[in-house]
Each structure stands twice: as C-alpha cells, then as structure tokens.
Amino acid sequence: MRKITMADIALQTGLSKTTISRYLNGKYDSMSVQTKKKIAEVIANAGYKPNQMARNLRLQKSHLIGVLVSDIQSPFSSILYSGIIDECERHGYTAILATTGDNVEKEQRYIESMIAKSVEGLIVNATGENVEYLAQVNQTLTPIVLADRPLHGVNCDIVSSNLKQGLNKMLSFAYSKGYTRIALVTLAIGTNQTRRIVRDVFVAHQVMRGQNATVLEFNDKATLCAQCLGFWEAHKGEKIAFLAANGMVLQYIVAFMKHHNLRIGQDIGVCGVDNWPWMELTGPGMTVLEQPTFEMGKQSALCLIERIQGRDKHVEHYLDCKLITRGSL
C-alpha cells in the first residue's frame, strides 16, 4: 500500500501544501478554526503520520519541552515538574510550564500556544476530555507523553504509577488491622483517569471481600464534610476508616476530623494516596501509599526525549508505589 504523503492531504482538503505544512508545524496564525478542523479530520481518516525525524531536520531545534499540569499549587504537580526539569537539564532541554486547572479549553489553548513556540514535544497531565485532539497532535504535530493520568486510544507514551498493586496492598493492610468498613473519599471523578483507576480498584477490592463499596465523591468541602459525617454516624460502633484518593483529599479529611474532635487512628482510621512532608508529622502520622512522583517526572522527560530523538515504538511505564504504615490505621 502506497504511503500517504502531505501532497495527498493537500489534494483531499483542497488546500495548498504550504497550508498543510503550516498546520503540521503548528503555525496557526491567520488559520481559521474550520480550516484546522478540516485538515485534522482528513489526516485522521487517512492515517497520515509525518516523519518526525524529517520534521526535526526542517525545523530549527528549540530544545524546548512543553509541560501541562492540572494544578501547580498541588505538591504532586510541583514534585512531578521538578523531576521533569531535572531530567531535561541533563539532556540540554528547557521545560516550559502551564497549569490547566483541569479545564479542557485551557488544555487545548496551551497546547496550541506551546506548539506555536516550537516546543519539540509535550508532557501532559491530561484532563481526559481532549482524547481525539491529543491523538491528532501526537500523530501529526509533536510527540506527547502522558504523565500520571493514562489515556488509551491516543497512542501516546504513558508514564504513571502502579496504583492497582499499591491500593490492593493498602486495603489488605487496613483490613488486617481489624477495620470493617472503609470509604473511599475523592474529588469529583469525571474524566480524570487516575481517579477512575482509584475508584475501580477500590470497588473491585470491596466486591472481592463481599462488601458494598462506599465512594464519597465531592466538589466542595461542605459536601465532603456532610458525606464523611454521614458515613461516621451510619456506622457508629464499627471500626471504620477513610481512604483519601490523593494528598489534597487527605488534607481535607484531617481538617474535617479536627473540626469534629475525632481522633485519627482511634475514632476513625485514615489512609491515603501520596506522601507529603506534613503527613508524617500530623497526629500519629498518616499511613500512605507513596507514589514515585519525582521519578515519574524524570521518566516522562526521558521518554519524550527518546521519542524526539527518533524512537518510534509506543511504550508505557507503570512505576511501583510504596506502602508506608504509620499510626493513622
């Protein structure tokens, strides 16, 4: 079968090769939304994939890598970015950062802005809503590595943590300590793939034990407090625990318990995903599942640099987590 060329794409769109070339190189100045959409659809239908090495030869090397995180105020994002910077500097690349606030429009806008700045690749902590768009960018414009939040069907390289193995280990430990009821507490799940994984692993583990899975999902602190209080009151007399889906949620749970004069590890057990410095110092210390966040950042950067330098094979890396037991369970 004959290989699809840029000339074929120009013919099918009715546009010039110059316009197609500008699109492929992220030069969107004076290009309408309709034109971009038309080109993207034809490229996707044709299965066209530009030669990345040839593209790099045509373009002046910028040695820039774009990084999109969901919330730079979260310690997870800042630790991840630190790992990315560390590896980029070792290879002579500079990372430029944008924070999306888990907003799908911002995610797309920042990606287009970074491509216009001639980044050689992107590391994205994805919202989960731009699946088709990310697939098109990765296929036709610049390579993408998905950090932390895996998406399937986009053919992007993935670097994440092995949450399934770690969460099952944490839940087994909690039940071995005599807890009879555990509730997962999480921010609104939506299309956030990591939160979906945490929920699915938790539910599967509960079903395996013949238990109903209680998932307390919230958008604001008032809802969190109401749901946690309801769970506690419904199971008074039982040995219960909260599992926080990430470090921010764990912080909210600790504040809730302090407000209601509940003793961590005595009135209610507490554990969570992420290990941040304050967790060792609060109360009896928090039992946590430590993600290799810094290493995840380093591996994401290395994976992208390898792709930029010509590796064509799709890869996925899932790094092991570490269970750290303290007095909260």
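The values are calculated or read from the model by the stated rules, or taken from the named source; none is laboratory data. It should be emphasised that the depicted structure is a prediction, and the values quoted were computed from it without experimental measurement. Heads up, the Cβs are rebuilt from the backbone with ideal geometry, glycines too, and the neighbour counts pull from every protein chain shown. Heavy atoms of the whole protein, side chains included, go into the accessibility calculation; ligands, DNA and RNA do not. Shrake-Rupley method; radii C 1.70, N 1.55, O 1.52, S 1.80 Å.
Remark: the chain carries a charge dipole of roughly 560 debye about the Cα centre, counting +1 on each Lys and Arg Cβ and -1 on each Asp and Glu Cβ.
Between S78 and E316, the distance separating the two model label sites (each 7 Å from Cα on the Cα→Cβ line) works out to 3.2 nm. Within the listed set D220, D148, D157, the Gaussian network model of the chain (springs between alpha-carbon atoms below 10 Å) gives the highest mean-square fluctuation for D220. Classify the stretch 75-164: rounded, prolate or oblate, from the alpha-carbon gyration tensor (a ≥ b ≥ c, eigenvalue square roots; a/c under 1.5 rounded; otherwise prolate if a/b is larger than b/c)? Note, shape of the stretch 75-164 comes out rounded.
With the helix formula -39500 (n - 2.57) applied to DSSP H stretches of n ≥ 4, the chain reaches a computed 222 nm mean residue ellipticity of -14500 deg cm²/dmol.
Working note: Karplus 6.51/-1.76/1.60 with θ = phi - 60° gives the stretch 271-282 the couplings 8, x, 8, 4, 10, 10, x, 5, 5, 6, 9, 8 Hz, where Gly and Pro are set to x. Using Cα centres only, tell me the gap between the stretch 255-329 and the stretch 153-229 in whole Å. If you average the Cα positions of each part, the centres end up 13 Å apart.
Result for the chain in a Gaussian network model with C-alpha springs under 10 Å: among L184, L24, L262, the largest mean-square fluctuation is at L262.
A simple count of charges around Y252, restricted to other residues whose Cβ falls under 15 Å of its Cβ and scoring Lys, Arg +1 and Asp, Glu -1, yields -1. Against the longest principal axis of the chain, how steep is helix 33-46, in degrees 0 to 90 to the nearest 10, with axes from Cα atoms? Helix 33-46 sits roughly 90 degrees off the main axis of the chain. Taking the dipole about the Cα centre of the chain, with the C-beta of Lys and Arg at +1 and of Asp and Glu at -1, give me whichever of A126, L80, G265 is farthest to the positive side. Most positive-ward Cα: A126.
When DSSP beta bridges are restricted to pairs lying wholly in the stretch 213-329, around 25% turn out antiparallel. In the chain, if every C-alpha pair distance is counted and binned at 20 Å from zero, what percent goes to each bin? Computed distribution, short to long bins: 30, 47, 20, 2. Cross-linked pairs K258/K322; K36/K117; K117/K221; K106/K298: Cα-Cα separations exceed 29 Å for K117/K221. Evaluated with a Cβ-only charge set (Lys, Arg +1; Asp, Glu -1), the stretch 227-307 carries a dipole of roughly 120 debye about its Cα centre, given to the nearest 20. Just to be sure I understand: of the beta bridges DSSP finds with both ends in the chain, what percent are antiparallel, rounded to 5? Restricted to the chain, the bridges split so that about 5 percent are antiparallel.
Straightening the chain between V207 and E233 buys 7.1 nm, computed as 0.36 nm per residue apart minus the Cα-Cα spacing. Solvent exposure of the stretch 131-256 amounts to 40 Å² per residue of accessible area, where only protein heavy atoms count and the probe is 1.4 Å. Farthest toward the positive end of the dipole of the chain, out of A213, Q299, Y175, is the Cα of Q299, where the dipole comes from beta carbon charges about the Cα centre. Close amide H pairs (under 5 Å, H built 1.01 Å from N) link G121 with G66, residues at least 5 positions away or on another chain.
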